[in-house]
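Beneath this line is the structure, given in structure tokens, with notes to follow.
The values are calculated or read from the model by the stated rules, or taken from the named source; none is laboratory data. Please read these numbers as outputs of a predicted model, since none were measured by experiment. Here the Cβ is made from the backbone with ideal geometry for all residues, glycine too, and neighbour counts use every protein chain on show. Areas reflect the complete protein model, heavy atoms only, side chains present, ligands, DNA and RNA absent. Shrake-Rupley method; radii C 1.70, N 1.55, O 1.52, S 1.80 Å.
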Amino acid sequence: MEAVIIVISLFFLAFVALGAYATIKVVGAAKRGVDRTIGQARRTVEDHTLRARSFAQVGPAAELAQLRLTLRTSMRATQDALHAGAAEDESLKESLGLFERLSAHGHELDADLKRLESEPDRATLAARLPGLRTRTERITQSADALRWAVRDRARRFADDDLGTLSAQIDIEADALRHWTRPGSTEEPAPEPAPHSLTPPTPRPSYPWQKSPRPESTT
């Protein structure tokens, strides 16, 4: 009896532990989903703010906002393309590693641009803009090249698959047009012999031949 109680207690504890683990996993997933949503909303608000500044302001401040907006848009588009492609193409893992290294430079540049937004010395800011513009162009060009390479690779695979599929469909269409059923040995019926216009010539009879015996009617 004691053994049964111990086994039941162990099962109960196992169920409690499993329920606690499942609860923690659900809460963690929900928290990550909320954090992801908040992060996306924050990035969207910041992008709209930068876009408004690039149109509303003039001079170095407007160019800073435009540089940040260009950098963020290019990096985000490349990140989305890489992650979407890596889900179907494992060979993109190396490309993801290169993008992570490029992202480090992008985050550093974005932080520098953001700090300079509050720079009161406009002359110093104007002097530093050419270097910032060059850094932005180098990073965005690398990101754009990587993104378009991923898209070209995906389109090439899609074209190859479409070509193979089209060839298979052509073969199947030709097979469907073959009307003879498998195993059928149908042959065309022979044409009837033409009727002769000359009546048949009676066979000659000879004296040594016996007369044909009449058929029995019994």
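Things worth noting here:
- Scan the range 145-180 for residues that are touching a residue at least 40 places away in the same chain (Cβ under 8 Å) and farther than 17 Å from A86 by Cα and the total you get is 0.
- Listed by first and then second residue, the pairs with beta-carbon distance under 7 Å, at least 6 apart or on different chains, first residue in the range 73-102 and more than 13 Å from W148 (Cα to Cα), second surrounded by fewer than 19 Cβ atoms within 10 Å (Cβ to Cβ) and among the basic types (K, R), are A86/K93.
- Residue under evaluation L64, criteria (1) open to solvent by 60 Å² or more (accessible area, probe 1.4 Å); (2) within 16 Å of T134 (Cβ to Cβ), criterion not met: (1)
- Hey, R133 basic (K, R) and surrounded by 11 or more Cβ atoms within 10 Å (Cβ to Cβ) or not: yes
- Scope the range 79-103; condition hydrophobic (A, V, I, L, M, F, W, C) and under 14 Å from A143 (Cβ atoms); matching residues: A81, L82, L96, L98, F99, L102
- Identity of the residue in the range 67-88, modelled with pLDDT of 90 or more and open to solvent by 80 Å² or more (accessible area, probe 1.4 Å), that ends up farthest from F157 (Cα to Cα): D80
- Of all residues in the range 67-111 being under 19 Å from the mean Cα position of the chain (by Cα) and aliphatic (A, V, I, L, M), the one that is nearest to G131 (Cα to Cα): A77
- Where a residue in the range 114-130 is without any contact (Cβ under 8 Å) to a residue 60 or more places away in the chain and under 15 Å from Q66 (Cβ atoms) and its partner, wherever it lies, is basic (K, R) and surrounded by 13 or more Cβ atoms within 10 Å (Cβ to Cβ), with Cβ under 8 Å and at least six apart: K114/R68; L116/R128
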